[in-house]
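Some notes on the structure that comes next.
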Amino acid sequence: MAFCIAVIGKDNAPLYLATSDLERELDLQYHVHAALDVVEEKCLVGKGAPESKELYLGLLFSTENHKIYGFVTNSRVKFIVVIDSSNIALRENEVRAIFRNLHMLYTDAVCNPFYIPGEQLSSKKFDRAVQKLMSGNA
Amino acid sequence: MSEEIVFDCLHAEIVNYCLNNSKDQHDLATLEYIGFTTGYRLIERLTRDVTRFKDELETMKFICTDFWTLIYKKQVDNLRTNNHGMYVVQDKAFRFLTRISPGAKQLEQAPKFVAFTCGLVRGALSNLGINSTVTAEVQTIPACRFHIEVNRS
């Protein structure tokens, strides 16, 4: 079961990436990178569609094996979640909940005065919580 | 009320700490920077349940209403803009100045009580993607006016 959670900074630099399957990490990273273009497209200013105002972007795209979901905070930090297409336990609402939790964890990590914004997220607490989030859902 | 005083005390201590350690009594850069980092981190938390901002003005409105309410328990009294990146925020009873008695002598001390907020606003805007310069102007205590100049490049 593949599962990947990535946090991408304002300037599209990766801040954090966790996968449940180390052997396929590179492959999953490619998916995350590919998703960034879709995120950018969805966040284009000027689009007045009501759904585009929400932080949760929904399904970005799906391939044969994976489904990729996106989320962008107000500060343009992107969260990308890649899950297996065969994973039917995770529906829209569950994915939404994952992002909500992830956002909460991220804000907690950023509010740590020893974390320098824009640097890689190396907080152990954050890592543990994300791993737990993954194992709880995969 | 009781929980609000804690913030006031903390702020007063930060001001004390910054200015006592530096030789120059008018060196407000540290204070402003503390505000900046605070605002930068805090806005991430405060905008968690807020929908995406459409434009600059919407962001400013958020700063003046929600952001101000969350920090100072009141909204600003006036927000004006020239639509060219210049915003003037007026607060007729600025929280950090309300406990100071009005007078010419006290007015001299006013800048050190508004520097933190200048940084706070600058930090919040910066994380939301707006690069700005924030200055404050105190003519009579406790009224305060913040000038936010958006740097477009």
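No value in this document is a laboratory result; all are computed from the given coordinates. These numbers were taken from a predicted model, which means no experiment stands behind them. Positions of Cβ are backbone-derived with ideal geometry, glycine not excepted, and every protein chain shown enters the neighbour counts.
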Inset, instruction - Enumerate the calculated ³J(HN,Hα) couplings along region B:135-149 in order (Karplus 6.51 cos²θ - 1.76 cosθ + 1.60, θ = phi - 60°), each rounded to whole Hz, writing x wherever the residue is Gly or Pro. - result: 10, 10, 9, 10, 9, 9, 5, x, 7, 9, 10, 10, 9, 10, 10
Inset, instruction - Write out the chymotrypsin sites (Phe, Trp or Tyr not before Pro) in region A:71-115 meeting two conditions: DSSP loop, and at most 13 other Cβ atoms within 10 Å of their Cβ. - result: A:F114
Inset, instruction - Work out Dmax and Rg for region B:1-150 from the C-alpha atoms and quote the Rg first, both in angstrom. - result: 15.0, 45
Legend entry - Per DSSP, loop chymotrypsin sites (Phe, Trp or Tyr not before Pro) in region B:16-94 with at most 13 further Cβ within 10 Å: none
Inset, instruction - Taking the Cβ of B:Q90 as the centre, find all other residues whose Cβ is under 12 Å away and add up their charges (Lys, Arg: +1; Asp, Glu: -1). - result: 0
Legend entry - Derived scalar couplings ³J(HN,Hα) [region B:76-82; Karplus, 6.51 cos²θ - 1.76 cosθ + 1.60; whole Hz; x for Gly, Pro]: 6, 8, 7, 10, 10, 9, 9
Legend entry - Distant-in-sequence amide H partners of A:H66 (H built 1.01 Å from N, under 5 Å): A:S85
Legend entry - Residue-wise HN-Hα coupling along region B:55-60, computed from phi with Karplus coefficients 6.51, -1.76, 1.60 (Hz; x: Gly, Pro): 8, 4, 4, 5, 5, 4
Inset, instruction - Hand me the trypsin sites (Lys or Arg not before Pro) from region A:60-138 located in a DSSP loop with no more than 13 other Cβ atoms within 10 Å, in residue order please. - result: A:R91
Inset, instruction - Return the FRET efficiency for the residue pair A:H33, B:T69: r is the Cβ-Cβ distance, R0 is 35 Å, and the value is rounded to the nearest 0.05. - result: 0.30
Inset, instruction - Compute the relative contact order of region A:1-103 as a whole-number percentage, counting only Cα pairs closer than 8 Å that sit 6 or more residues apart in sequence. - result: 29
Legend entry - Other-chain or far-sequence residues with amide H under 5 Å of A:F3's (modelled H): A:S20, A:D21
Legend entry - Most mobile of A:L55, A:L90, A:L22 in a GNM of chain A (Cα contacts under 10 Å): A:L22
Inset, instruction - Report, to two decimal places, the Cα Rg of region B:29-103 normalised by 2.2 N^0.38 Å (N = number of residues). - result: 1.22
Legend entry - Per-residue [θ]222 nm for chain B (sum of -39500 (n - 2.57) over DSSP H runs n ≥ 4, rounded to 500): -15000 deg cm²/dmol
Legend entry - Kyte-Doolittle mean at least 0.5, axial Cα span of 15 Å or more - DSSP H helices of chain B: B:111-127
Inset, instruction - Return the tail of the calculated pair distribution for the protein assembly as shown, meaning the percent of Cα-Cα pairs more than 31 Å apart. - result: 37
Inset, instruction - List the pair-distance distribution P(r) of region A:37-138, using every Cα-Cα distance, as the percent of pairs falling in each 5 Å bin from 0 up to the bin containing the longest distance, rounded to whole percents. - result: 2, 11, 22, 21, 19, 15, 8, 2, 0
Legend entry - Computed over chain B: relative contact order in percent, which uses C-alpha pairs under 8 Å that are six or more apart: 28
Inset, instruction - Report the local net charge at B:T38: Lys and Arg +1, Asp and Glu -1, summed over other residues whose C-beta lies under 12 Å from its C-beta. - result: +1
Inset, instruction - List the residues whose amide H sits under 5 Å from the amide H of A:F71, counting only those 5 or more places along or on another chain, with H placed 1.01 Å from N in the peptide plane. - result: A:L57, A:F79
